[in-house]
Amino acid sequence: MNRREFLTSATVAASAATNLWSQNVPGRPVTTMGFSPDCFTVSRPSRRPLDYLELSARTGAGGAQLSLPPDFEPELPKQIRKRAEELGVYVEITCMMPRTDDTSAFERIVKGAQEAGAVCMRSVCLAGRRYETFDSLEKWKEFVADSRARLARTARIVERMKMPMGIENHKDWTAEEMYALMKEFGSEYLGVCYDFGNNMSLLDDPLEMIQLLAPFVKNAHIKDMAVEEYEDGFYLAEVVLGEGHLPLKQIVDIMVKARPNIKFSMDFLTRSPLKIPCLTDKYWVTMPDRNGIHLARMLRYVRTHKPKYPLPWLEKMSKEEALALEASNLAKSVAYARDVLGLRK
């Protein structure tokens, strides 16, 4: 399939998506899978909690990860709980961990999450990507020390307030590093928000990683991935569930077995592929002791798993084509979660 055929296919699929949302998903959830805050990167709708909750349910999702603004009105969490119960969807709250010993703002968010009826919270240690953010081992070590302090503060608070929270593998920690952090800081209330595809950027195998981290999972970011080689490494692209190469059902089953009530939030950004420059010197600056077998295995995986469809380069699309692709991506993924993964309402 060439690019023109791909874009034509996306436009046709978008029309089908509109029909899916208006007919098979008539303003109500049809899957227990929810949406992360980043599922509408092209259309950029309001992320105000109540607005995003409504949009997610109207698009067929069974819940949403929401952010409470730092100065949220006291009534907002109660409004979120009431609307979520009316829609029959779950709520998770995403926020940053406290950076200093003044944890009052973080504790207010946790209390707000409880009042909103959140089943779990989600946070990250690094907002960016390890191989792009750090250009020296010293800077990485400073980040590690800061992260450990934030994890210690967070663990104390969520355990005291009895609020589950998952820390996402956000292209920062390798599988082994994440496991070590969880062995030290993990508890009944602090664990992992497992992102299915992120650690491919650090050359980890997604199935092996969840087998390692399953005892610590609290919530999840579900996605499917496609890869393609380029001169400095490989492209990593988020694609429609079932159109990539991840063993989605196996990973879902492992997580459900470890945590039967876990919620899966789709974290599908319709965007151009990310460059994973694993054949450059800078990529390895923060990982001097990592065994080269990870590189060999990932490159072999990339070379033997060709994309099923052309990778989506949004900068080559018109705004209308990109919007059509996003609509198609989300609708088809909702249907796949419902019909293939068994995540039904």
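Any read-out appearing in this document is the output of simple, stated calculations on the displayed coordinates, not a laboratory observation. Note that the coordinates shown come from a computational prediction; the quantities given were computed from them, not determined experimentally. In this analysis, Cβ positions are derived from the backbone assuming ideal geometry, glycine residues included, and neighbour counts consider all displayed protein chains.
Data for the structure
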{"read-out": "Helix runs (DSSP H) in the chain reaching 20 Å along axis by Cα, Kyte-Doolittle at least -1.0", "value": "3-19, 137-161, 319-339"}
{"read-out": "Taking the stretch 3-339 and dividing mean pair separation by its residue count, relative contact order in percent (alpha carbons under 8 Å, at least six apart)", "value": "21"}
{"read-out": "Hits among lysines - C-alpha to C-alpha of Lys78 under 17 Å, sequence gap 8 or more where chains match", "value": "Lys111"}
{"read-out": "The chain: C-alpha gyration tensor shape, a/c 1.5 cut-off, then a/b vs b/c", "value": "oblate"}
{"read-out": "Anchor Lys141: lysines whose Cα lies under 25 Å away (excluding residues fewer than 8 positions away in-chain)", "value": "Lys171, Lys183, Lys275, Lys282"}
{"read-out": "Cβ-based exposure ranking for Lys275, Lys223, in which fewest neighbours within 10 Å come first", "value": "Lys275, Lys223"}
{"read-out": "Proxy reagent accessibility, fewest Cβ within 10 Å first, across Ile210, Ile167", "value": "Ile210, Ile167"}
{"read-out": "Full-stretch length increase - Leu279, Gln250 - with 0.36 nm per residue and alpha-carbon distance subtracted", "value": "7.4 nm"}
{"read-out": "Residue among Pro77, Met97, Phe134 farthest towards the positive dipole end of the chain, charges placed on Cβ", "value": "Pro77"}
